[in-house]
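Taking it in order: structure first as structure tokens, then the write-up.
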Amino acid sequence: MSQSDKSGDTPTRWLDRPDSAKKICWALYVLCAALFFADAFYEKHSHYAVEDWFGFYAIFGFVFSIGLVLSAKELRRLVMRKEDYYD
Amino acid sequence: MIEALPPGLILIVGAFFSLAIPGRARQVFMLALPILGFWQLTQLEHGLYAQIDLFGQTLTLLRVDKLSLIFGYIFFIASALSLIFAMHIRDSVQQVAGLAYAGAAIGAVFAGDLISLFVYWELTAITSVFLIWAVRTDKALRVGMRYLLVQVGSGVLLLTGALILIHETGSNTFGHIGLDSLGGILILISFGTKAAFPLLHNWLQDSYPEATVTGTVFLSAFTTKLAIYALARGYAGTEILVWIGVVMTAFPIFFAVIENDLRRVLTYSLNNQLGFMVVGIGIGTELAINGAAAHAFAHILYKALLFMSMGAVLFRTGTVKGSELGGLYKSMPWTTGLCIIGAASISGFPLFSGFVTKSMILTAASEEGYWFAWAVLLFASAGVFHHSGIKIPFFAFFAHDRGYKVKEAPWNMLVAMGLAAALCIYIGVYPDPLYAILPYPVDYVPYTTGHVISMLQLLAFAALAFAVLQRTGLYPPELRSTVLDSDWVYRRFIPRRIKGFVRCLAEARDELARWGQMGLSALLDRAFH
């Protein structure tokens, strides 16, 4: 089924260059800033008052994502076992 | 004339006939079946057809209305895509089981009475287990047995509940059921088992990732969405479903973040997406039911696409563990691109299918004042982007290059993924045809400035959180591990307690036998000296 060969050397791609990850992150920072300040340029039609906060969805997305990952990391202490646990 | 033939039977009977056809002709014949079935659906008028009398009961094998039709359409599309994805295999067990399983699910969707529903319900269990057993290992055999026990158990509950309801009401019609009687409660547990309600869910994460490369694609489409259909039919507006759905959307994403098997990550994400639909059904307004049905339709496509992409990775590399993968974008660029389309769709990016369907449920939640449910669904939307939108493509195709030099996925897999991806984008860009087949008239506009900006903010800042955690080394690495879930109770806790109890019994029996050999006088000596 598997047809893998892990021995070959692949020519370096743009994504493999050390500074590429940095460039992608900077692009993301710029995008986030643009989206955050986009709230100033349209009228909101919200169901809840909290949605009218400036950048509500941005702050919500960031804070809860950090919270999700860090709490899932702690969950590992409780539920993570060796790979052959059930064998 | 065409009404006399229930659409599910086309696939079930056709699947067994196909065994008599050799080679390529069989594949063409099998692929023609869902196309024929889909065409049949387009010809049917709403109504009750194929009614037969059996043991004093009138069974309705074909009930056509908007709710059954939308699930019928997507089930036929999913079976065609799954068959194309499986075209390279020469294992007739998988092909026949897959097609018969799809047929059983379609049969259930069009069943107008509880008895026919039960028969098809059990048939989905019996046919689909072969997609797990087809791996042909001891482990797959054990997983399949556990899967079968749960699925058949769900059917037994359905039958018991149905008999109680028929006795109480004198009618076997499968319509709104509700929770007013014991029968209704039993049937809800039965549907909830297949829909993977919290604590009834773990058969899903236990079994789907252990099926064959192609089997998981079939499995991902039918069983759970059949349960969603059944809930929408029987329990629309049952408020407890809102809170069950809220829990379903939230808890699987924590497990998905730390799970290493990427097909299991997708199964947790499947569980989370079902939660959105269950919330919609619980709210029960026209917009909410439309949202649940539309989301089920879109979900089957992008989830199949994601399972296909991970199946292609497993097929080519022999593993689907995040800790062993990375850098595959070089060898499998098409699979990478198609996986990213699936990831964007499930995450709800504008112009992709999830954006125009999931938002209907969120809007319904806020319109009906379920602010807490709305907030949890929003959190779950950011969460699903983390594990399905970022984690799956990132760890499989990018992250650390593990040096795999493999071939791109076979052409048939690419065609199936390409068609699924095209539908994901088509629905996202032009949702009107999907909205037109929803159960109720649609008065909803997904593309407003506020909705687009708010969703992009949520997703971009969730991505920012991922980037920050990765750059600071706080993101949990992929580790070879087993993550315990509620299956621990029946895989480890109960078997150990039973073994301990049996050992105690054996020791007591040995002791009694020794006493018997010692004789009464010796016992009296022992007791009094």
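Please verify whether B:Phe110 is under 27 Å from B:Gly234 (Cβ atoms), in contact with a strand residue (DSSP E or B) (Cβ under 8 Å, 6 or more places away or on another chain), in the same structural domain as B:Ile187 (by TED's automatic domain parsing) and among the aromatic types (Phe, Trp, Tyr), treating the condition exactly as stated. Against the criterion (under 27 Å from B:Gly234 (Cβ atoms), in contact with a strand residue (DSSP E or B) (Cβ under 8 Å, 6 or more places away or on another chain), in the same structural domain as B:Ile187 (by TED's automatic domain parsing) and among the aromatic types (Phe, Trp, Tyr)), B:Phe110 qualifies.
Of the residues making up the stretch B:404-425, those that are in contact with a helix residue (DSSP H, G or I) (Cβ under 8 Å, 6 or more places away or on another chain) and more than 14 Å from chain A (Cβ to nearest Cβ) are B:Asn412, B:Leu414, B:Val415, B:Ala416, B:Met417, B:Gly418, B:Leu419, B:Ala420, B:Ala421, B:Leu423, B:Cys424, B:Ile425. The listed residues are B:Thr249, B:Thr224, B:Thr216, and the only one of them that is closer than 18 Å to B:Phe191 by Cα, at pLDDT 95 or above, part of a helix (DSSP H, G or I) and in the same structural domain as B:Leu123 (by TED's automatic domain parsing) turns out to be B:Thr224.
Screening A:Tyr48, A:Tyr86 for residues that are facing chain B (nearest Cβ under 7 Å), under 24 Å from B:Glu368 (Cβ atoms) and over 22 Å from the mean Cα position of the chain (by Cα) leaves exactly one candidate, A:Tyr48. The set of residues in the stretch A:13-34 that are under 15 Å from the mean Cα position of the chain (by Cα) and facing chain B (nearest Cβ under 7 Å) comprises A:Cys25, A:Leu28, A:Leu31, A:Cys32.
Yes/no per residue for (1) under 23 Å from B:Leu377 (Cα atoms); (2) surrounded by fewer than 24 Cβ atoms within 10 Å (Cβ to Cβ); (3) among the hydrophobic types (A, V, I, L, M, F, W, C):
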{"position": "B:Ala292", "(1), (2), (3)": "yes, no, yes"}
{"position": "B:Leu301", "(1), (2), (3)": "yes, no, yes"}
{"position": "B:Leu306", "(1), (2), (3)": "yes, no, yes"}
{"position": "B:Ala312", "(1), (2), (3)": "no, no, yes"}
{"position": "B:Lys321", "(1), (2), (3)": "no, yes, no"}
{"position": "B:Tyr329", "(1), (2), (3)": "no, yes, no"}
{"position": "B:Met332", "(1), (2), (3)": "no, no, yes"}
{"position": "B:Gly337", "(1), (2), (3)": "no, yes, no"}
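Is it the case, given these coordinates, that B:Arg480 is facing another protein chain (nearest Cβ under 10 Å) and either β-branched (Val, Ile, Thr) or free of Cβ contacts under 8 Å to residues at least 60 places away in the same chain (or both)? So B:Arg480 does not fit the description; no. Considering only residues in the stretch A:57-83 that are under 14 Å from B:His386 (Cα atoms), of a type in the set (Val, Ile, Thr) and within 7 Å of chain B (Cβ to nearest Cβ), the one that is surrounded by the most Cβ atoms within 10 Å (Cβ to Cβ) turns out to be A:Val69. Is it true that some residue in the stretch B:254-263 is closer than 24 Å to B:Leu117 by Cα and modelled with pLDDT of 95 or more? No, because not a single residue in the stretch B:254-263 is closer than 24 Å to B:Leu117 by Cα and modelled with pLDDT of 95 or more.
The values are calculated or read from the model by the stated rules, or taken from the named source; none is laboratory data. Quantities reported herein were computed from a predicted structural model and do not represent experimental measurements. Because the Cβ atoms are built from the backbone with ideal geometry, glycine has one as well, and the counts that use them run over all protein chains shown.
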